[in-house]
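Student: Once you've had a glance at the structure underneath, I'll fire off some questions.
The values are calculated or read from the model by the stated rules, or taken from the named source; none is laboratory data. Every value quoted in this text rests on a predicted model; they were computed, and no experiment measured them. Cβ placement follows ideal geometry from the backbone for every residue including glycine, while neighbour counts extend to all protein chains displayed. In case anyone asks, the SASA skips ligands and DNA or RNA and just uses the protein heavy atoms, side chains included. Shrake-Rupley method; radii C 1.70, N 1.55, O 1.52, S 1.80 Å.
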Amino acid sequence: MVVLETIRESADVKKLNIEQLNLLSKEIRQEILQVVSVNGGHLASNLGVVELTVALHAFLNLPQDEIVWDVGHQCYAHKLLTGRRDEFTTLRTYKGLSGFPKPHESPADAYVAGHSSTSISVAVGIAQAAKLQHIKKRVYAVIGDGALSGGMVWEAMNHGGDLKTPFTVILNDNEMSIAENVGAMSLYLTRLRTDKRYRRLKDRVTQFLLSKKKLGHTFYRGLEHLRDAVKYFLVRGVLFEEMGFVYLGPVDGHDIAELLKTLKMAARIEKPVLIHVITQKGRGYAPAEQNPTAFHGVGSFNLTTGEIRPKGRTYTECFSDKLCELAATDQRIVAVTAAMPHGTGLEKFRLQFPERFYDVGIAEQHMVTFSAALALRGMRPVAAVYSTFLQRAYDQLMQDVCLAEAPLVLAVDRAGVVGEDGETHQGLFDIAMLRAMPNMTLLAPRDALTLPPMLEYALALGRPVALRYPRGEAARLASYTPQPLMQGKGEVLAEPAGAQIGLLALGDMVQTALQIAAMLAKRGIPAAVADLRFAKPLDDDLIVDFAGKYGRLLTLEDGIAAGGVGEGIALLLQTRGVKADLMTAAFPDEFVAQGKPAQIFSKYHMTAETLLPQIMRRWFKEINL
């Protein structure tokens, strides 16, 4: 690492010539590949923005100037250039560097990121704050073309263009978000990318106008009108400029000299600017170039061959297979995703039933309301979405699904702890969020065998239903055959004679409850175990029965305690006047940082090994651990 070793802070990049900047870019790619192949992470998106990141650091004065990364999963090169190279091997590990921008890590990280389509709103706010405080700074929002399918982008551009405060949007156009981009905006960008006449003429006219400002206001305005006329003639859409932005580009996002030239040009324009940059996702690593979707968010892989290390059968695959099976015999079933067909398992559905598959782009609010309307007009939509992204559609869930009593099925993937992606992606809030909504039914499978019948039940129920399941390999508790589902009814898995404690668990935590029961049995303490199956409605009769019989209850859920199942059970017992000593295993009122799931569960005392001592101290002090 000849050049990268000399970079201790962003200012060091400004000392390099073009040849050195290009060498730095190659070295950054090597470093990213080496670390991500071991730790996993967002690879293709980071490889695609290396030269763009280097150019920004060579041009700007960080942290005085600010870069707002949309989503944030393309910030690895930025981290390497801002004093974090020595820690880079800890990327996405427990207590290590986050895979997303985090201001507590560095003042060069302008804002917490993790969800899409937010950067322009943030940049507009930062630019306005600087204006009101009379601070001179350049503010840049770097946003991918896929994020333009998010409505928040256009709200921000509409406002930013109207305010006319100078700031710059860099549109990183790689023709993909996670999956291939869809919609009218994708087609619009394609026209801009392919119209070489417009690119050549636009560059020449912009340079000419900037050089002739001293000729007088009237003459200059006349030249601008002439430019606009040519622009309308050559390009069918001029959307960005109509919203108050000066459009520059398209620019080769891997040509540092051209990028620097364009950044300097933009800095001379005293109004909002949009620079359209063309990049290649996965640039510089053949496997990622050939399959950028697989290498978007990837686990550890063989750096030499590009082979991704295999995983066992996942909950997502169980969902996908059952959905396709049901759709083969029910023409009303449709599948909807917000730009995540691969991650949610809907790619298989898309291939088998393309006429009943909808990718709405990065637009969770629209996804929910669109799906609700389908449901209210006789279809049976299944909207598959990560738990963390479902939060973006809270109002639509409340108003357009629950209030409307739309028979929509939400497949809530990545529920609970997701691990290395950290605070912005942990799916710990959906239980509390959905339990607060009238008319909602919320189920959670305990293993691979219980998920398929729950999906079938949800589609037949005819009311709003959410089915939540975790990331990763599905458990298989083979000795427990799933019992038929009834609305709001749990399932008793073990009720030994003389039981002294009742364990009430939801979803993936059922396995932990069974492990605790086995540990207690070895100490001569029989424990009853029940799979609640439903987070809403709760099985009131089962809960009251366990409380009355055993007097000691432990509830287990992989969500936050506030508003969760444990709180619901406490309220039920209070309302019914049932006295029981209740202990809840759930996550506290805080954002949970990254780490392997096992590390996170252990830290928060959510494993059988960490819960057992608490149980013994609270209820069985006389028995040795």
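Student: Out of (1) over 26 Å from residue 137 (Cβ atoms); (2) open to solvent by 10 Å² or more (accessible area, probe 1.4 Å); (3) in contact with a Leu (Cβ under 9 Å, 6 or more places away or on another chain); (4) in contact (Cβ under 8 Å) with a residue 12 or more places away in the chain, the odd one out for residue 59 is which?
Tutor: So the condition that residue 59 fails would be (1).
Student: Only one residue in 57, 115 is at pLDDT below 95 and of a type outside the set (A, V, I, L, M, F, W, C), so which one is that?
Tutor: Answer to the check: 115.
Student: Going through the stretch 583-610 one residue at a time, which ones are more than 14 Å from residue 417 (Cα to Cα) and open to solvent by 40 Å² or more (accessible area, probe 1.4 Å)?
Tutor: Selection gives 584, 589, 609.
Student: For residue 433, which of the numbered conditions (1) open to solvent by 30 Å² or more (accessible area, probe 1.4 Å); (2) in contact with a Leu (Cβ under 9 Å, 6 or more places away or on another chain); (3) assigned to a helix (DSSP H, G or I) fails to hold?
Tutor: Residue 433 satisfies all of (1) open to solvent by 30 Å² or more (accessible area, probe 1.4 Å); (2) in contact with a Leu (Cβ under 9 Å, 6 or more places away or on another chain); (3) assigned to a helix (DSSP H, G or I) except (1).
Student: Also, quick follow-up: Which of the residues spanning the stretch 139-154 are of a type outside the set (A, V, I, L, M) and modelled with pLDDT under 95?
Tutor: Those that are of a type outside the set (A, V, I, L, M) and modelled with pLDDT under 95: 144, 145, 146, 149, 150, 151, 154.
Student: Residues 369, 279, 329, 305: which one is without any contact (Cβ under 8 Å) to a residue 60 or more places away in the chain and under 30 Å from residue 160 (Cα atoms)?
Tutor: Within the list 369, 279, 329, 305, the selection yields 369.
Student: Considering 277, 298, 273, 251, which residue is surrounded by fewer than 23 Cβ atoms within 10 Å (Cβ to Cβ) and either in contact with a Lys or Arg (Cβ under 9 Å, 6 or more places away or on another chain) or hydrophobic (A, V, I, L, M, F, W, C) (or both)?
Tutor: Criteria check complete, one pass: 298.
Each row is one residue, and each column tells you yes or no for (1) touching an Asp or Glu at 6+ places or on another chain (Cβ under 9 Å); (2) closer than 26 Å to residue 376 by Cα; (3) part of a strand (DSSP E or B); (4) in contact (Cβ under 8 Å) with a residue 12 or more places away in the chain.
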site	(1), (2), (3), (4)
425	no, no, no, yes
452	yes, yes, no, yes
477	yes, no, no, yes
488	yes, yes, no, yes
493	yes, no, yes, yes
507	yes, no, no, yes
510	yes, no, no, yes
513	yes, no, no, yes
520	no, no, no, yes
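Student: Only one of (1) among the hydrophobic types (A, V, I, L, M, F, W, C); (2) open to solvent by 10 Å² or more (accessible area, probe 1.4 Å); (3) modelled with pLDDT of 95 or more is not met by residue 24, so which one is it?
Tutor: Here residue 24 meets the rest and fails (2).
Student: Taking the condition of being surrounded by fewer than 23 Cβ atoms within 10 Å (Cβ to Cβ), touching a residue at least 24 places away in the same chain (Cβ under 8 Å) and outside any helix (DSSP H, G or I), how many residues in the stretch 111-146 meet it?
Tutor: Count: 6.
Student: Separate question: Would you check if residue 312 is small (Gly, Ala, Ser), open to solvent by 10 Å² or more (accessible area, probe 1.4 Å) and touching a Gly at 6+ places or on another chain (Cβ under 8 Å)?
Tutor: Considered against the rule, which asks whether it is small (Gly, Ala, Ser), open to solvent by 10 Å² or more (accessible area, probe 1.4 Å) and touching a Gly at 6+ places or on another chain (Cβ under 8 Å), residue 312 comes out as no.
Student: Also: Residues of the stretch 154-175 being among the β-branched types (Val, Ile, Thr) and either buried (at least 24 other Cβ atoms within 10 Å of the Cβ) or assigned to a strand (DSSP E or B) (or both), which ones?
Tutor: Residues satisfying the conditions are 168, 169, 170.
Student: Can you tell me how many residues within the stretch 454-470 are over 24 Å from residue 418 (Cβ atoms) and among the small types (Gly, Ala, Ser)?
Tutor: So the count comes out to 2.
Residue-by-condition table, conditions (1) open to solvent by 20 Å² or more (accessible area, probe 1.4 Å); (2) of a type in the set (A, V, I, L, M); (3) within 28 Å of the chain's Cα centre (by Cα):
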{"residue": "520", "(1), (2), (3)": "no, yes, no"}
{"residue": "529", "(1), (2), (3)": "no, yes, no"}
{"residue": "533", "(1), (2), (3)": "no, no, yes"}
{"residue": "543", "(1), (2), (3)": "no, yes, no"}
{"residue": "555", "(1), (2), (3)": "no, no, no"}
{"residue": "561", "(1), (2), (3)": "yes, yes, yes"}
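Student: Could you please find all residues in the stretch 65-110 being open to solvent by 30 Å² or more (accessible area, probe 1.4 Å) and free of Cβ contacts under 8 Å to residues at least 60 places away in the same chain?
Tutor: Selection gives 86, 87, 89, 90, 103, 104, 105, 107.
Student: Could you check the stretch 319-413 for strands (runs of 3 or more DSSP E) lying wholly inside it with 1 or more residues that are open to solvent by less than 20 Å² (accessible area, probe 1.4 Å)?
Tutor: Here the list reads 333-337, 380-386, 409-413.
Student: Find the residue count for the stretch 557-615, including only residues that are assigned to a loop (DSSP other than H, G, I, E, B), free of Cβ contacts under 8 Å to residues at least 60 places away in the same chain and of a type in the set (D, E, K, R).
Tutor: Residues in the stretch 557-615 being assigned to a loop (DSSP other than H, G, I, E, B), free of Cβ contacts under 8 Å to residues at least 60 places away in the same chain and of a type in the set (D, E, K, R): 3 in total.
Listed here are the residues, each with its yes/no results for (1) among the β-branched types (Val, Ile, Thr); (2) outside any loop (DSSP other than H, G, I, E, B); (3) at pLDDT 95 or above; (4) surrounded by fewer than 21 Cβ atoms within 10 Å (Cβ to Cβ).
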site: 200; (1), (2), (3), (4): no, yes, no, yes
site: 206; (1), (2), (3), (4): yes, yes, no, yes
site: 214; (1), (2), (3), (4): no, yes, no, yes
site: 219; (1), (2), (3), (4): no, yes, no, yes
site: 226; (1), (2), (3), (4): no, yes, no, yes
site: 233; (1), (2), (3), (4): no, yes, no, yes
site: 244; (1), (2), (3), (4): no, no, no, yes
site: 269; (1), (2), (3), (4): yes, no, no, yes
site: 292; (1), (2), (3), (4): no, no, no, no
